[in-house]
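Input: a single structure, listed below in structure tokens.
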Amino acid sequence: MPLRNVPILVLSLGYAGFSLLLYRAGIAPKRVLLLDPAAYYLVQALFVLPLFCGLVSLFVGVTARVAGGKQVPFEVALKQLAPTYCWPLLGLFLVPDVAVFLIVGHGALAKAMRFYGPIAPLVVWWLSALRAASLFEVSRGRAAAATFVGLLLQALIGGLFLR
């Protein structure tokens, strides 16, 4: 169950905390769906846990389906793949975001993100592909393709909601 998955919980709490920091600082995103931009980060702090549960579950389910190979129970696949998604995203994207925000301010995030922003998804993809290859007993190429599809789909959905 995604709610009992420690990496998902830690990542979600980290994003919720950062969302609250942004809200308290009066930061409002330029584009949001169906919400007042001024309240967006407060609301994001509330929905980020179920969102990440859904995004990681989608990633794992799609990866398993596309990879084929050995049939693995969803809970086992989630336990094995969630860390390859959550820890790099936390350490290589969220932590630098929070550090830049606290040290230099919100205005520096876009410029700083140019340096660390591309690293996290590449590391997630690489680690997830390696784990998926061994988990589903498929080639690394097949695992890389499967994880790419899973990551792409979750990114398209996540991009609608996360700011």
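Looking only at residues in region 129-163 that are charged (D, E, K, R) and over 23 Å from residue 14 (Cα atoms), which one is nearest to the chain's Cα centre (by Cα)? Result: 131.
Here are 104, 100, 95: which of them is of a type in the set (Val, Ile, Thr) and more than 25 Å from residue 47 (Cα to Cα)? Working first, answer last.
Numbers: 100 fails: more than 25 Å from residue 47 (Cα to Cα); 95 fails: more than 25 Å from residue 47 (Cα to Cα).
When all the criteria are applied, what remains is 104.
Picking from residues in region 22-46 that are under 18 Å from the mean Cα position of the chain (by Cα) and surrounded by fewer than 17 Cβ atoms within 10 Å (Cβ to Cβ), the one that is farthest from residue 134 (Cα to Cα) is 43.
Can you find, within region 97-132, the residue that is farthest from residue 16 (Cα to Cα) among those that are out of contact with any Ser or Thr (no Cβ under 8 Å at 6 or more places or on another chain) and among the aromatic types (Phe, Trp, Tyr)? Going through the qualifying residues, I end up with 126.
For (1) of a type in the set (Gly, Ala, Ser); (2) outside any helix (DSSP H, G or I); (3) surrounded by fewer than 16 Cβ atoms within 10 Å (Cβ to Cβ); (4) in contact with an Asp or Glu (Cβ under 9 Å, 6 or more places away or on another chain), each residue gets a yes or a no:
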residue: 55; (1), (2), (3), (4): no, no, no, no
residue: 64; (1), (2), (3), (4): yes, no, no, no
residue: 89; (1), (2), (3), (4): no, no, no, no
residue: 107; (1), (2), (3), (4): yes, no, yes, no
residue: 110; (1), (2), (3), (4): yes, no, yes, no
residue: 141; (1), (2), (3), (4): yes, no, yes, no
residue: 152; (1), (2), (3), (4): no, no, yes, no
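State which residue is surrounded by the most Cβ atoms within 10 Å (Cβ to Cβ) when the search covers only region 114-138 and only residues that are at pLDDT 95 or above and not in a helix (DSSP H, G or I). Filtering region 114-138 for residues that are at pLDDT 95 or above and not in a helix (DSSP H, G or I), the one surrounded by the most Cβ atoms within 10 Å (Cβ to Cβ) comes out as 138.
The values are calculated or read from the model by the stated rules, or taken from the named source; none is laboratory data. What you see is a predicted model, and the numbers here were worked out from it, not measured in a lab. Reconstructed Cβ throughout: ideal geometry from the backbone, glycine too, with neighbour counts over all protein chains shown.
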